[in-house]
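**Q** My questions all concern the structure below.
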Amino acid sequence: GVITGVVSGTTGSFSSNLTVGSGVTIGSAGVATFSGTSDVHLLDSVRLNVGDGSDLTLYHTGSQSFLKNTTGGLFIDNTANISLRVNDGEDGVQINANGSVELYYDGDKKVETYSSGIKLNGTSNVWIQDSGKLICGGGSDLQIYHDGTDSRIKGTTGQIIIQSDDLL
């Protein structure tokens, strides 16, 4: 393509915009504008670096892709839903704007959050390792657990009442 603009000195600086072809303009302040209809391509292992110390990096090695942040938190802000998918569209994590978060296993929804708690879908199990506890109540009033030897139901306030609508 045709390069226009004024380049001067041995440092390669220019005093006005540098235009490459009809779709790329680099301003004298260093801001590049890509306005053509073609894609921008970076070859394998060539990194797109953002920040004074290249704190945020995006690149592809030829077999895997990376988004790497080396300082502070990494925030993804969006005005609508966010989906993390695998296998060309299989749901993994769905974050719904102003709503639930859904977790999937092999495309099947297993966990969903609600304003009042969580819901396990299907025939999901909750696995708690030995000495891990299912704890209920603001003061840990009810605990259900296995201590490695014995299974325990422990109430720390009031009575433990087992109730059924059917008569025995």
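The values are calculated or read from the model by the stated rules, or taken from the named source; none is laboratory data. Note that this is a predicted model, so its numbers are computed, not measured. Reconstructed Cβ throughout: ideal geometry from the backbone, glycine too, with neighbour counts over all protein chains shown. Remember, those area values only see protein heavy atoms, side chains included, never the ligands or the DNA or RNA. Shrake-Rupley method; radii C 1.70, N 1.55, O 1.52, S 1.80 Å.
**Q** If Asp52 satisfies all but one of (1) open to solvent by 70 Å² or more (accessible area, probe 1.4 Å); (2) part of a loop (DSSP other than H, G, I, E, B); (3) under 30 Å from Lys119 (Cα atoms), what's the number of the condition it fails?
**A** (3)
**Q** Can you find, within region 113-141, the residue that is nearest to Asn96 (Cα to Cα) among those that are among the hydrophobic types (A, V, I, L, M, F, W, C) and open to solvent by 60 Å² or more (accessible area, probe 1.4 Å)? Break it down stepwise before answering.
**A** Residues of region 113-141 that are among the hydrophobic types (A, V, I, L, M, F, W, C), as a first pass: 118, 120, 126-128, 134-136.
If we keep only those that are open to solvent by 60 Å² or more (accessible area, probe 1.4 Å) as well, we get 118, 120, 126-128, 134-135.
Values: Ile118: 14, Leu120: 17, Val126: 24, Trp127: 26, Ile128: 28, Leu134: 28, Ile135: 28 Å.
Within region 113-141, the match that is nearest to Asn96 (Cα to Cα) is Ile118.
**Q** So, in region 59-88, exactly how many residues are assigned to a loop (DSSP other than H, G, I, E, B) and either in contact with a Ser or Thr (Cβ under 9 Å, 6 or more places away or on another chain) or of a type in the set (Ser, Thr, Tyr) (or both)?
**A** Total meeting the criteria: 6.
**Q** Scan Lys133, Lys110 and give me the residue that is at pLDDT 90 or above, more than 30 Å from Val86 (Cα to Cα) and either touching an Asp or Glu at 6+ places or on another chain (Cβ under 6 Å) or of a type outside the set (A, V, I, L, M, F, W, C) (or both).
**A** Numbers: Lys110 fails: more than 30 Å from Val86 (Cα to Cα).
None of the other options fit; the residue is Lys133.
**Q** What is the residue count in region 101-153 for residues that are among the hydroxyl-bearing types (Ser, Thr, Tyr) and within 28 Å of Glu90 (Cα to Cα)? Don't jump to the end; show me each part of the working.
**A** As a first pass, look at region 101-153 and keep what is among the hydroxyl-bearing types (Ser, Thr, Tyr): 104-105, 113-116, 123-124, 131, 140, 145, 149, 151.
Those left that are additionally within 28 Å of Glu90 (Cα to Cα): 104-105, 113-116, 123-124.
Summing the residues that are among the hydroxyl-bearing types (Ser, Thr, Tyr) and within 28 Å of Glu90 (Cα to Cα) in region 101-153 gives 8.
**Q** Going through region 89-98 one residue at a time, which ones are outside any loop (DSSP other than H, G, I, E, B) and either touching a residue at least 12 places away in the same chain (Cβ under 8 Å) or open to solvent by 60 Å² or more (accessible area, probe 1.4 Å) (or both)?
**A** The initial filter retains those residues of region 89-98 that are outside any loop (DSSP other than H, G, I, E, B), namely 90-95.
Within region 89-98, Glu90, Asp91, Gly92, Gln94, Ile95 meet the criteria.
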